[in-house]
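Only one structure is covered here, and it is reproduced in the block below.
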């Protein structure tokens, strides 16, 4: 392997990791507020199909992205109403959302299968992209990849350094205490869930507008589930999610790269790599039960009803 | 048609068919991908439409798309048989065993399975000599490559795919003795995301000409983005990559579907092992890009004509496999039965077939 190839592989890992990064960033904010949304895959698929339809119909890629985000947010709003107001079980509702989104996206997009778009073109950043090696890996992407960089940095700042971040964490750790000091718990949770939905939609749009760029039924291929594992992998830290997303991206392209290099390993085995990585991470984190408890938002998955205060 | 295929998929049409005065021949199709894949399944559907255009009211067709190879296929084929179809085309290699199984339970229904080798009293098979198209592809790729490295995106290690890889490589080698081929298996017929990743992984490794045995235009699109070249698979894919596209090898099924439906109507159908290629116009070369050098264009027509006339038969010995065994004796040309069993790489492919 020469340096050029390594640069190409890392470049591809970032591209492959970007949809994972978007969706996992959304999910971590959602989980930090104490809500576990397993509907990621469904929201992502709906984002992908709506983003594609909107961009195809209007000829405007930016509009496609916005439509996908709106769709994701709308899907998550459905989830939020059921979970926060009706008090439905979060796990069951999330699963229902995934199944619903998978089916509905296939239905909505049926007539658009196989149509293609130009997609977002890469924009090498002036100066930065001239840095040897690093410039090609990091700064020769399309606009959505740069947006994911900005988004990650912004979220690290917001979560760790601002009052908003503190409020979010308070709601996720102890909603009763947060409620007692006057934080509107449900409002925070609604916003966090909808942020997660919008990011899932954006992630879907990345798939159908940049990555392939076309719409195919089930095209997200389980990325929504990997994102859930990623959040655990990153132990609910925003910065680590970025690292994890790129590692997963790398794992999922390595089997294709190695085949081209003539390694005679079964491609089936290699294709399992990202999933094996997920399992290993789960085992490592799960092994230290106490630590896991410490890292996860303490009220994660538990309902909170302000009318029912003990 | 969409709604109808959906209903058949749900089994709702079973028994609900309305008897018509002339009793048209009911023909069902099972596709492995979406009709909109613009490759393999798309062409089968054009074949189905060709059948309808030809016979008009005398036939009634339905199709079920996106059928996974495996247990689901058996269910879908059974439902099509139950729904009163007289003739059912199952159009992917992985439908072979389900087709044979269902055919046993519906002896009055005629089945035609594409690319397989198992036949029975009411199951015939039909295979495209795609290796003929690959031969022209290989010659062209061998001439066009500047890095002497061709990339091949493969689906599943079945004889059809392995045969095509061999044909491509032998052809490329015949015009460019230095040529190397990198093969990447994506384990799918249709997964644009993975096909894109595979195309990029190959181009990262010095490949400048891409060949695919998967069904989506994604590799062509990836090649277009990076200024490399690629071939269209199964249907005319030129519009996806105006610059990158070299030519497409198109599957043209309508003539075959018409002849089979005709035979079933007349009662002359018998299970056969049909092989069709350039000669029968079941396989065609489409949209040779005008931006190709003149000598390449000339070589394409010359090779096409030679393969079509039988002057070039790609699998004529002596051929050694890549472990040094003589697999085709000098002077012998593989028969169709032997072609259906190719499970070796020719000499010079520095890779192993995944097992």
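The values are calculated or read from the model by the stated rules, or taken from the named source; none is laboratory data. All values derive from a computational prediction rather than experimental measurement. For neighbour counting, all protein chains shown are included, and Cβ atoms are generated from backbone atoms with ideal geometry for every residue, glycine included.
Test residue A:57 against the criterion of being surrounded by fewer than 20 Cβ atoms within 10 Å (Cβ to Cβ) and assigned to a helix (DSSP H, G or I), and give yes or no.
Yes.
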So in region B:221-231, with the set limited to residues that are within 11 Å of another protein chain (Cβ to nearest Cβ) and out of contact with any strand residue (DSSP E or B) (no Cβ under 7 Å at 6 or more places or on another chain), which one is farthest from residue B:68 (Cα to Cα)? B:226
Exclusive hit being more than 13 Å from chain A (Cβ to nearest Cβ) and at pLDDT 95 or above, set B:130, B:137: B:137
Positions within region B:232-250 being more than 12 Å from residue B:222 (Cα to Cα), more than 13 Å from chain A (Cβ to nearest Cβ) and over 18 Å from the mean Cα position of the chain (by Cα), in sequence order: B:246
Quick one: count up the residues across region A:130-159 that are free of Cβ contacts under 8 Å to residues at least 40 places away in the same chain and closer than 20 Å to residue A:243 by Cα. 12
Count of region B:236-248 residues which are within 20 Å of residue B:48 (Cα to Cα) and surrounded by fewer than 23 Cβ atoms within 10 Å (Cβ to Cβ): 1
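Just a yes or no: is a residue in region B:69-79 part of a strand (DSSP E or B) and over 20 Å from residue B:283 (Cα atoms)?
Among the residues of region B:69-79, not one is part of a strand (DSSP E or B) and over 20 Å from residue B:283 (Cα atoms), which makes the answer no.
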Just the residues that are away from chain A (no Cβ under 14 Å) and closer than 21 Å to residue B:182 by Cβ, please, taken from region B:320-355. B:320, B:321, B:342, B:343, B:344, B:346, B:347
Considering region B:140-157, residues that are within 14 Å of chain A (Cβ to nearest Cβ) and touching a helix residue (DSSP H, G or I) at 6+ places or on another chain (Cβ under 8 Å), and then whichever is surrounded by the fewest Cβ atoms within 10 Å (Cβ to Cβ), we arrive at B:156
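Yes/no per residue for (1) away from every other protein chain (no Cβ under 14 Å); (2) under 24 Å from residue A:109 (Cβ atoms); (3) out of contact with any helix residue (DSSP H, G or I) (no Cβ under 9 Å at 6 or more places or on another chain); (4) surrounded by fewer than 22 Cβ atoms within 10 Å (Cβ to Cβ):
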site: B:27; (1), (2), (3), (4): yes, no, no, no
site: B:31; (1), (2), (3), (4): no, yes, no, no
site: B:38; (1), (2), (3), (4): no, yes, no, no
site: B:50; (1), (2), (3), (4): yes, no, no, yes
site: B:54; (1), (2), (3), (4): yes, no, no, yes
site: B:58; (1), (2), (3), (4): yes, no, no, yes
site: B:74; (1), (2), (3), (4): yes, no, no, yes
site: B:78; (1), (2), (3), (4): yes, no, no, yes
site: B:81; (1), (2), (3), (4): yes, no, no, yes
Could you check how many residues of region B:159-191 are more than 14 Å from chain A (Cβ to nearest Cβ) and outside any helix (DSSP H, G or I)? 4
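State whether one or more residues within region B:164-183 are touching a residue at least 12 places away in the same chain (Cβ under 8 Å) and closer than 26 Å to residue B:49 by Cβ.
No, region B:164-183 contains no residue that is touching a residue at least 12 places away in the same chain (Cβ under 8 Å) and closer than 26 Å to residue B:49 by Cβ.
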Here are some residues: A:204, A:218, A:222. Which one is within 14 Å of chain B (Cβ to nearest Cβ) and either touching a strand residue (DSSP E or B) at 6+ places or on another chain (Cβ under 6 Å) or exposed (fewer than 14 other Cβ atoms within 10 Å of the Cβ) (or both)? A:222
Go through region B:329-346 and give me each residue that's free of Cβ contacts under 8 Å to residues at least 60 places away in the same chain and surrounded by 19 or more Cβ atoms within 10 Å (Cβ to Cβ). B:334
So if I check each of A:230, A:250, A:295, which one is more than 14 Å from every other protein chain (Cβ to nearest Cβ) and modelled with pLDDT of 85 or more? A:230
Where residues in region B:198-220 are facing chain A (nearest Cβ under 8 Å) and in contact with a strand residue (DSSP E or B) (Cβ under 9 Å, 6 or more places away or on another chain), which of them is nearest to residue B:172 (Cα to Cα)? B:207
Which residues, taken from region A:242-261, are surrounded by fewer than 23 Cβ atoms within 10 Å (Cβ to Cβ), in contact (Cβ under 8 Å) with a residue 60 or more places away in the chain and more than 21 Å from residue A:21 (Cα to Cα)? A:261
Can you pull out the residues in region B:201-252 that are in contact with a helix residue (DSSP H, G or I) (Cβ under 7 Å, 6 or more places away or on another chain) and either free of Cβ contacts under 8 Å to residues at least 12 places away in the same chain or at positive phi (or both)? B:204, B:234
Counting only residues that are within 13 Å of chain B (Cβ to nearest Cβ), more than 17 Å from residue A:195 (Cα to Cα) and under 18 Å from the mean Cα position of the chain (by Cα), give me the helices (runs of 4 or more DSSP H) lying completely in region A:76-173 with at least 3 of them. none
